[in-house]
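Presented below is the structure to which this report refers.
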């Protein structure tokens, strides 16, 4: 089997479980985003694949070959760190040369490869600068250049853009994809930013508390979340939760709520904020505050009824697991007026 | 204000320099002290003495160099391990080190003397480096540990991914980045060894093996009838010059490098 696969990989440190029984497969050229809140195990996963930390149990395979116990330096891994980890005492050229020199690449080839990657990333004029003399975006490009130079078999990116401003991040996304994805090596991309995960990745793996919650395509995770955590973590503005009998909960996304003539829940608009070109309305209802994304130009009365289509309901049991065909939602007891 | 600070720190040194250049008559009050012509008589006196002062300068330099080298060699790996391998053991060793750094050295003399006698370490300059290193180590480790704590671990991760072994990581990444800390630790260690008096006094008795502080004490106590202010001042000046040189050389390392800009902005 080609590509990267993790089989039942766990990592414990002392009595702390950082990662528990992770199964993942990344095809060659595929970009898989590891998404989750901080401390969920995504960076741990990356460090295990890189060989920077040892697995407590489980296997890591690359193109069918077991690399679980191979030292980091022999895995041909390219990694871009969140902090870029450029060597501060060396200039850009020396930073790039260090790895090749330690691998014994002869001088002429070294110079040729460095020149090519400098050209590709438009770093040539900065070659004699130290990292401290570079802007954040330039440092990121140097880190990327270093990763590309390695002719990697796996590419690992640890929040590579979190130190850049939002606009630059957006511009860099296609650039990163062009440079790193679609080639031979599988790409693992760690982020806590769902927007970035959706923009960068072919598939997303959502992690929480050291466990894999769900892995799937970007749309799939959004429309068909298997756990309450995934439904809650993906999608902004965040999903609405309505309690139902038996400890179950119903999730309805803000864009699926709509005003309707009769039936549904009595609601009173509390405030509105602009969400791009659409108004997001906060509604006071007998079932708590709900968020409703109105179509552009929609107008609201002071008092209204809101509802949703049954096919847009997402049901979860008391343990947060998805249940299919549990609807439709019925109002419990008599609706109070608001 | 700055002038005042300069005067405050340089004043005594300059006065000492001035004293060392005065003829002995001017020092004991005959004739106006300020007007006397400068002379190198005091320097000739101490350098031609028995043993000559350059001999003890050399001894001190040897002991200082040996102590500094040995201290850095032991302190760096220890500090690195303590900082990077966190755990109860590292914590315990760290606490013990701090306690050792605070331990009054006076209480050690008898023990050290006994050790010197048992293992025949007296009058041996190389052996003198051992207690000096032992005493300098706690502070050196604490200083280097703080410097290592400031190094982002990602730098080493990156180096490991580049396929660099431990030796190369130390040479190409760790040492250059720690150069300022190493330089200042070296200066402090050398200074301690250069100034140390009681242990040298008890361990060394042969005059040609005396280190600078003990030689100077001998100079001062060489006559009951006169206090050789001039010779003493000359010895002080000669004893300070190597330190001055050392600091000037090390300054290059202290100012250079710095990890600024390694991580984030």
Original post:
Within region A:185-206, is there a residue that is within 13 Å of chain B (Cβ to nearest Cβ) and either outside any helix (DSSP H, G or I) or crowded, with 16+ Cβ neighbours inside 10 Å (or both)?
Top reply: no
Original post:
If residue A:68 satisfies every condition in (1) outside any helix (DSSP H, G or I); (2) touching a residue at least 24 places away in the same chain (Cβ under 8 Å); (3) away from chain B (no Cβ under 12 Å) but one, which is the exception?
Top reply: (2)
Original post:
Is it fair to say residue A:25 is in contact with a strand residue (DSSP E or B) (Cβ under 7 Å, 6 or more places away or on another chain), surrounded by 22 or more Cβ atoms within 10 Å (Cβ to Cβ) and either assigned by TED's automatic domain parsing to the domain that holds residue A:212 or at pLDDT 95 or above (or both)?
Top reply: no
**OP:** Name every residue in region B:82-92 that is over 10 Å from residue B:148 (Cα atoms) and loosely packed, with under 15 Cβ neighbours inside 10 Å, in order of residue number.
**Re:** B:85, B:86, B:87, B:88, B:89, B:91, B:92
Original post:
In region B:138-175, what count of residues is obtained for those that are closer than 21 Å to residue B:73 by Cα and either within 14 Å of another protein chain (Cβ to nearest Cβ) or in contact with a helix residue (DSSP H, G or I) (Cβ under 6 Å, 6 or more places away or on another chain) (or both)?
Top reply: 24
Original post:
Cβ-Cβ below 8 Å, separation at least six or inter-chain, first residue in region A:155-170 and away from chain B (no Cβ under 12 Å) and modelled with pLDDT under 85, second assigned to a loop (DSSP other than H, G, I, E, B) and crowded, with 17+ Cβ neighbours inside 10 Å: which pairs?
Top reply: A:168/A:161; A:169/A:161
Original post:
Among the residues of region A:59-74, is there at least one that is under 21 Å from residue A:196 (Cβ atoms) and assigned by TED's automatic domain parsing to the domain that holds residue A:180?
Top reply: no
**OP:** Would you point out which residue out of A:46, A:19, A:35, A:123 is more than 10 Å from chain B (Cβ to nearest Cβ), crowded, with 22+ Cβ neighbours inside 10 Å and over 29 Å from residue B:84 (Cβ atoms)?
**Re:** A:35
**OP:** Go through A:34, A:6 for me and flag whichever is assigned to a strand (DSSP E or B), within 24 Å of residue B:162 (Cα to Cα) and touching a helix residue (DSSP H, G or I) at 6+ places or on another chain (Cβ under 7 Å).
**Re:** A:34
Original post:
Which ones in region A:318-338 are loosely packed, with under 15 Cβ neighbours inside 10 Å, touching a strand residue (DSSP E or B) at 6+ places or on another chain (Cβ under 7 Å) and modelled with pLDDT of 75 or more?
Top reply: A:321, A:323
**OP:** Keeping to region A:79-92, report how many residues are under 21 Å from the mean Cα position of the chain (by Cα) and either more than 8 Å from chain B (Cβ to nearest Cβ) or in a loop (DSSP other than H, G, I, E, B) (or both).
**Re:** 5
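The values are calculated or read from the model by the stated rules, or taken from the named source; none is laboratory data. Remember, predicted model here, so these are calculated numbers, not experimental data. Ideal geometry is used to build each Cβ from the backbone, glycine not excepted, and the neighbour counts take in all protein chains shown.
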